[in-house]
Amino acid sequence: QAQLGESGGGLVQAGGSLRISCAVSESVFNFNRVDWYRQASGKERELVAGVRPGGTRSYDDFVKDRFTCSTENANKMFLQMDNLKPEDSGVYYCKAVLLSRSCWGQGTQVTVSS
């Protein structure tokens, strides 16, 4: 069982930036995908970005050109979030996916003020 832990969230004003990270207890290359989700209060969790380790990155339209996924090493992923908007606020989660199984982190809170 993989262990995931997000960090780096916080409070930022609109237009600001944050970089959040996802630490994974084993190599991300063991997984088909490592994805970023977010969940605002009262809303369902939504996909933000999808990462195929060693391969492609994809982004939802509402974060495209503002958010960027990167990898520090086999055990840490980053999500650089630029030009943040209040609607970006929520708890951000990383998820490691292998076939039909998913492992979730505990989430990190991102709050964007207007």
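Throughout, read-outs are computed from the coordinates displayed, never taken from laboratory work. Only a predicted model underlies this, so the values are computations on that prediction, with no experimental measurement involved. All Cβ positions, glycine included, derive from the backbone under ideal geometry; neighbour counts span all protein chains shown.
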Amide H contacts of Glu26 (H built 1.01 Å from N, under 5 Å, at least 5 apart or other chain): Gln3
Potential extension, Val97-Ala23 segment - 0.36 nm per residue separation minus Cα distance: 25.2 nm
Label point distance in nm, Leu47-Gln1, each placed 7 Å from Cα along Cα→Cβ: 2.6
Selection from Leu79, Val63, Cys103 lying farthest towards where the dipole of the chain points positive, charges on Cβ: Cys103
Fully extended contour minus Cα-Cα distance, from Ser114 to Thr56, at 0.36 nm per residue: 17.6 nm
Using θ = phi - 60° and Karplus 6.51 cos²θ - 1.76 cosθ + 1.60, couplings along the stretch 69-77 (whole Hz; Gly, Pro as x): 8, 8, 10, 7, 7, 5, 10, 8, 10
For the chain, the dipole about the Cα centre with charges only on Cβ (Lys and Arg +1, Asp and Glu -1), to the nearest 20 debye, works out at 180
Report relative contact order for the chain in percent, whole number only (criteria: Cα-Cα under 8 Å, sequence separation at least 6). 38
